[in-house]
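Structure first, then comments.
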Amino acid sequence: MPQLRVAMAQIDTTVGDLDGNVAAIREWTGRAAREGAHLVLFPETAVTGYPVEDLALRRSFVDASRRAVGRLAAELADDGHGEVTVVVGYVDHHEGKGRPQNCAAVLHGGRVVGRYAKHHLPNYGVFDEYRIFTPGDDLLVARVHGVDVAIAICEDLWQDGGPVQMADDAGAGLLAVLNGSPYERNKDDVRLELVARRAAEAGCPIAYVNAVGGQDELVFDGDSLVVAADGTVLARGPQFEESLVVTDLDLPEAVRTPGWEERIARVTVSTDPVPAYEPRTAPVHEPLPDVADVHAAIVLGLRDYVRKNGFRSVVIAVSGGIDSALVASLACDAIGAGNVVGISLPSAYSSQHSQDDARDLADRCGFEYRQFAIAPMVEAFLATVPLQGVAEENLQARVRGTTIMGLANQEGHLTLATSNKSELAVGYSTLYGDSVGGYAPLKDVPKTLVWELSRWRNAEAVARGERPPIPENTITKPPSAELRPGQVDQDSLPPYDVLDAILEDYVEGDKGRADMLAAGFDGTLVDSIVTLVDRAEWKRRQFAPGPKISFKAFGRDRRLPITNRWREPRAVEPVHSAATTGER
């Protein structure tokens, strides 16, 4: 059987940086060539970055993408890699309709020798490709060293039939799939099961290359795979880091005559099999355990948001509480403690132990620490505009927000918001106060997971012989906003394990009141929490972006109207069909 050395380059690209992305593709192709690769695969729309969203609707952007691919092919040949077959994602035009398409190009000998357009355009969750792109309908099969390699793109693998079935019909020896598949908890297991199932359906191995890196609220985790038709994992890349995953494959020799068949386009790159060589063992990386992979995802998302948006440093309001402590630790892991500034902003109600915990956090992590007492500023405001109750409590948070944003503005830092998903869900985050910031690392992290991540990070430090970054008192003390004497979160909220369980059902599961009561939750508590969530939608619309780690994150995933009078019914009435009620 013909041999083929396949290299999957899971790389970190930047949306819109066509020159930088092309340079990276050339660099990683060079690495693959030095490894002796015959076929090199890059992720979905690697030339333009992913997702491009409405940039694809600009003719100028698509034209630049097309030119970049042509230039890339020529430059790869100039680099001495013209005999290596490269498959790379980019954005193109539909020749007939003039609309953009999500495409893959096959490059060889200084030219674009084949083109494939994605068939299935996802229109759920974070994706809205159906609104932007025009689907393709032909399968591309490229003959590379005597092996027929079929091409598909991401969602084409997730849908039944389509390019997977066509690859089987075409007698492909390998199905190469280019992906921009965002990270979610436990998605690595889902992907592996999917790829194994589709490999069986296609009747050939699948090489699944995935992007890596952060792009606004999405994080791509790599985890590229090669899976045989019998489900055997032949290679697996690492998570959350750029990598070249090289695999030697024994593949069937192509027997079909090149040319056009119904909905199958065949191109010949090279017909002669490569001379026999000694195969190497490919790496099979084990996925990170849960919590560890969440930590890695948030760190990568934060690092890339800072780097790709031109910041060098971040500023965080450190209160001595668990949320700001975890954010500070994450920031130090992402960009280094020397690029982190922590500001303590005690009010008249801030406890001494919280101030001590904030300073201890800075000592443990090694970031710059400053303190500005806000009590005089709050008193001056109240002397001019008398406020009481919740309005006075929120004023303290807003003075803090103004202070932290003023320092960020003056010194060029990116402000990190410290609110978590549980707080965002029920509206326990003061708009223009503790919610201020350009990026929110914990936006999709419920409070219970905040504690898990903090304990995990400290345990990892101990295992490495390092000092734990988060003070133990910060982890164990009752959480409090400290906006009035003796205040704790549980004055007005249920225990966080109960709250998060309700939120998981209502926010992520879209469960109704009856479903939650059937699950054993107290009806009065459910009504209270659901009301808080519904009323806080307007706040969430104004919140900073943050890394998606769950199936349904606020923002891109969960889209509800702000002006909305629908409320979950307190009593469930029987549902009647239009036929029984006489309605039309």
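Some observations on this one:
- Accessible area per residue for the range 69-119 is 34 Å², calculated with a 1.4 Å probe on protein heavy atoms, without ligands, DNA or RNA.
- Cα-based helix-to-principal-axis angle, 18-34 vs the chain, degrees rounded to 10: 60
- Taking every DSSP helix (H) stretch of at least 4 residues in the chain, weighting each as -39,500 (n - 2.57) and dividing the sum by the residue count yields a mean residue ellipticity at 222 nm of -11000 deg cm²/dmol.
- Heavy-atom accessible area, probed at 1.4 angstrom with all protein chains present, ranks 71, 263, 559 as 559, 263, 71, highest first.
- Ordering 245-253, 372-380 by mean Cβ neighbour count within 10 Å, with the highest value first, yields 245-253, 372-380.
- Values of log10 I(q)/I(0), in the order q = 0.20, 0.27 Å⁻¹, for the range 58-125 under a Debye, Cα-only, solvent-free model: -0.80, -1.15
- Considering only alpha-carbon pairs that sit under 8 angstrom and 6 or more positions apart, the relative contact order computed for the range 270-367 is 26 percent.
- Computed with a 1.4 Å probe over protein heavy atoms only, the accessible area of residue 506 comes to about 30 Å².
- Folded to 0 to 90 degrees: helix 523-535 orientation relative to the chain principal axis, Cα: 70
- When you restrict to C-alpha pairs under 8 Å that are six or more residues apart and normalise by the size of the chain, the relative contact order lands at 12 percent.
- Span from the the range 58-92 Cα centroid across to the the range 246-311 one, whole angstrom: 18
- For the range 357-477, the solvent-accessible area of protein heavy atoms averages 43 Å² per residue (probe radius 1.4 Å; ligands and nucleic acids excluded).
- Accessible-area ranking of 118, 539, largest first, probe 1.4 Å: 539, 118
- Within the accessible area of the range 382-431 (1.4 Å probe), percent carbon and sulfur: 54
- On the range 305-345, 45 percent of the accessible area sits on carbon and sulfur atoms, based on a 1.4 Å probe.
- In degrees, nearest ten, helix 375-384 long axis to first principal axis of the chain (Cα): 70
- Residues whose placed amide H lies under 5 Å from that of residue 146, excluding near-sequence neighbours: 270, 271, 272
- Peptides 188-201, 267-280 ranked from most to least packed give 188-201, 267-280, packing being the mean of other C-beta atoms within 10 angstrom over each peptide's residues.
- Considering only alpha-carbon pairs that sit under 8 angstrom and 6 or more positions apart, the relative contact order computed for the range 404-452 is 42 percent.
- Shown in residue order for the range 547-554 are the 3J(HN,Hα) couplings computed by the Karplus curve 6.51 cos²θ - 1.76 cosθ + 1.60 at θ = phi - 60°: x, 7, 10, 10, 4, 9, 9, 5 Hz (x for Gly and Pro).
- The share of accessible area on the range 1-77 that comes from carbon and sulfur is 45 percent, using a 1.4 angstrom probe.
- Database remark: amide H of residue 344 closer than 5 angstrom to the amide H of 318, 370, 371, 372 (H placed geometrically; neighbours at sequence offset of 5 or more, or on other chains; Pro and chain starts carry no H).
- For the pair the range 4-31 / the range 320-361, the C-alpha centres are spaced 38 Å from each other.
- Whole-number D in µm² s⁻¹ for the range 47-86, Kirkwood Cα-pair radius fed into Stokes-Einstein, 37 °C, 0.692 mPa s: 290
- Sparsely packed loop sites in the range 395-473 (the GluC sites (Glu not before Pro) outside DSSP H, G, I, E and B with at most 13 other Cβ atoms within 10 Å) comprise 466.
- For residue 110, distant residues with modelled amide H under 5 Å away: 77
- Hits among aspartates and glutamates - C-alpha to C-alpha of residue 447 under 13 Å, sequence gap 8 or more where chains match: 323, 423, 489, 497, 500, 504
- In this structure the range 247-336 gives 48 Å² per residue of accessible area when probed at 1.4 Å with all protein chains present.
- Computed over protein heavy atoms with a 1.4 angstrom probe, the accessible surface ordering of 285, 119, largest first, is 285, 119.
- Residue-count net charge about residue 445 - beta-carbon cut-off 10 Å; Lys, Arg +1, Asp, Glu -1: 0
The values are calculated or read from the model by the stated rules, or taken from the named source; none is laboratory data. Nothing here was measured: the structure is a model prediction, and the numbers come from that model. Cβ coordinates were reconstructed from backbone atoms using ideal geometry, including for glycine residues, and neighbour counts include every protein chain displayed. Surface accessibility is based on the protein's heavy atoms, side chains included, excluding ligands, DNA and RNA. Shrake-Rupley method; radii C 1.70, N 1.55, O 1.52, S 1.80 Å.
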